[in-house]
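Everything below concerns the one structure shown next.
Coordinate-derived values only; no laboratory data. Just so it is clear, the model here is predicted, and its values are computed rather than measured. Here the Cβ positions follow ideal geometry from the backbone for every residue, glycine too, while neighbour counts run over all protein chains shown.
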Amino acid sequence: MIDTIKIYSEISKEVCDIIYNNSIVKLAVNNNNNQTLYEITNDHLQGSFDSRLSVRVGSGVKYGFSTKEGSYYIEIEGSYHKWVLGYNSHHGYCDLQFICESLIRNIEIIYDIDLPRLDKWYLQRVDIAICFELQNQENVRSYINSLSRCNYPRRNIKFYSDESLYLSGTTTTLKIYNKLLEFQKHDIKRFKNRDFNIDNYTNEINGFIRFECEIKKKKLLDLTNSNNSLVLVNSLKYDDFKKVWCDEFMKLLKVIENDLEIVRGREAVLKRLQEIYKPRLVNVLYNFYCSIQLNGIEDVKSFMSSSTFYRNLSYLEQASIDISQSYKIEEIPYFSFNPFNYKEVA
């Protein structure tokens with residue numbers, strides 16, 4: 001389904017002023033010369049259960065509409081699904097044009113303004129998110145924790161035990177997370193004292209794991225072969241986004257499957273060493289690895305010659321074995337799961 005989107009269009013000064021006068025405006029001013037350093041104009045429109053949309057306006061120069069005064073933009077960002085239903089785990093929408101038209105129409109009504117037709121709107125970002133049912137929290141936690149050693153070239157990786165894996169890049173950002181824990185951490189407070197059965201919902205998503213792909217402007221431009229930095233909302237369909245989702249997570253899962261840095265205990269390390277080195281060296285390196293895990297790298301370093309220590313480290317590095325002590329030496333059970341073999345939660 002489509003979750004968060006960011007769209008924008010060119011508007012008149014009159015429309016910009018109406019939104020501006022009903023928004024929160026933040027200014028940064030240089031007190032030495034009273035020069036405005038920057039100005040942020042933003043309004044948050046409250047939907048169901050305090051889910052919000054962000055509406056911004058400003059100079060059209062930001063999006064290249066004009067290099068002169070007199071051009072203005074409107075930018076809408078948020079999850080229509082979350083704005084309407086209050087949650088974004090399932091029962092979502094896949095029609096980008098319907099989502100955009102619905103958002104535009106609601107904003108026209110709220111501000112009592114006329115906005116450009118859909119064919120004049122552009123896409124800056126779109127998130128594709130799919131949840132899968134893994135039966136229970138134990139399976140979700142186990143699978144996420146099995147990704148703790150994941151290494152993906154040219155991506156910044158953040159891992160949170162039991163909760164999530166984030167891999168940010170220049171064209172896409174991939175997120176795998178425990179939907180129940182994410183809801184409890186960020187969203188549950190919005191449902192307090194409201195007509196929403198939190199217990200039923202949390203029970204329903206108790207085994208949900210969410211795979212989300214944030215598709216950024218650079219990737220959207222590639223999809224449309226655009227050479228003017230503009231991506232028309234009408235130029236792309238859900239199938240285009242779903243293909244990016246599939247391609248990106250297939251790459252990630254291939255990395256997870258083949259990446260030697262994902263180590264799930266001693267057996268995985270031993271097997272990897274046996275695949276690469278001769279038996280005698282395997283024994284030396286395996287004992288070296290286990291000593292580091294049990295005693296710490298500094299302790300091991302103090303009990304052997306510098307040349308031997310760094311030679312063994314080099315062998316482990318060539319085998320792509322992580323020597324960090326971020327998990328215990330005993331074996332870690334994990335839940336095996338492939339989203340391409342599972343049916344998504346509708």
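Ranking of 267, 248 by neighbouring Cβ atoms within 10 Å, starting from the fewest: 267, 248. Farthest toward the dipole's positive end in segment 99-194, which of 123, 139, 183, given Cβ charges of +1 (Lys, Arg) and -1 (Asp, Glu) about the Cα centre? Final value for the positive-end residue is 139.
Treating the beta-carbon of each Lys and Arg as +1 and of each Asp and Glu as -1, no other charges, what is the dipole magnitude of segment 266-318 about its Cα centre, to the nearest 20 debye? Walk me through the intermediate numbers first.
On the way: 7 positive and 5 negative charges, 44 e Å.
Rounded to the nearest 20 debye, it is 220 debye.
With the highest mean first, a sort of the peptides 187-198, 168-179, 12-23, 81-92 on other beta-carbon atoms found within 10 angstrom per residue produces 81-92, 168-179, 12-23, 187-198.
If you put +1 on each Lys and Arg Cβ and -1 on each Asp and Glu Cβ, how big is the dipole of the chain around its Cα centre, in Debye rounded to 20? Each step should come with its number before you reach the end.
Numbers: 44 positive and 45 negative charges, 200 e Å.
Taking the Cα centre of the chain as origin, the dipole is about 960 debye.
What is the order of 100, 150, fewest Cβ neighbours within 10 Å to most?
150, 100
Taking the charge dipole of the chain about its Cα centre, with +1 at Lys and Arg Cβ atoms and -1 at Asp and Glu Cβ atoms, the residue from 61, 273, 99 reaching farthest to the positive side is 273. Modelled label positions at residue 95 and residue 225, each set 7 Å beyond Cα in the direction of Cβ, lie 2.9 nm from each other.
Relative contact order of the chain, taken over Cα pairs closer than 8 Å and 6 or more residues apart, is 18 percent. Simple rule: put +1 on each Lys or Arg Cβ and -1 on each Asp or Glu Cβ in the chain, find the dipole, and look at 45, 252, 86; the Cα lying farthest toward the positive end is 252. Summarising the amide proton neighbourhood of residue 89: residues at separation of 5 or more, or on other chains, whose placed amide H is nearer than 5 Å comprise an empty set. Taking the chain as a Gaussian network, where each spring joins two C-alpha atoms under 10 Å apart, which residue of 298, 182, 275 fluctuates the most? Result for the chain, Cα springs under 10 Å: 298 fluctuates most. Each Lys and Arg Cβ is given +1 and each Asp and Glu Cβ -1; about its Cα centre, segment 70-158 then shows a dipole of about 660 debye.
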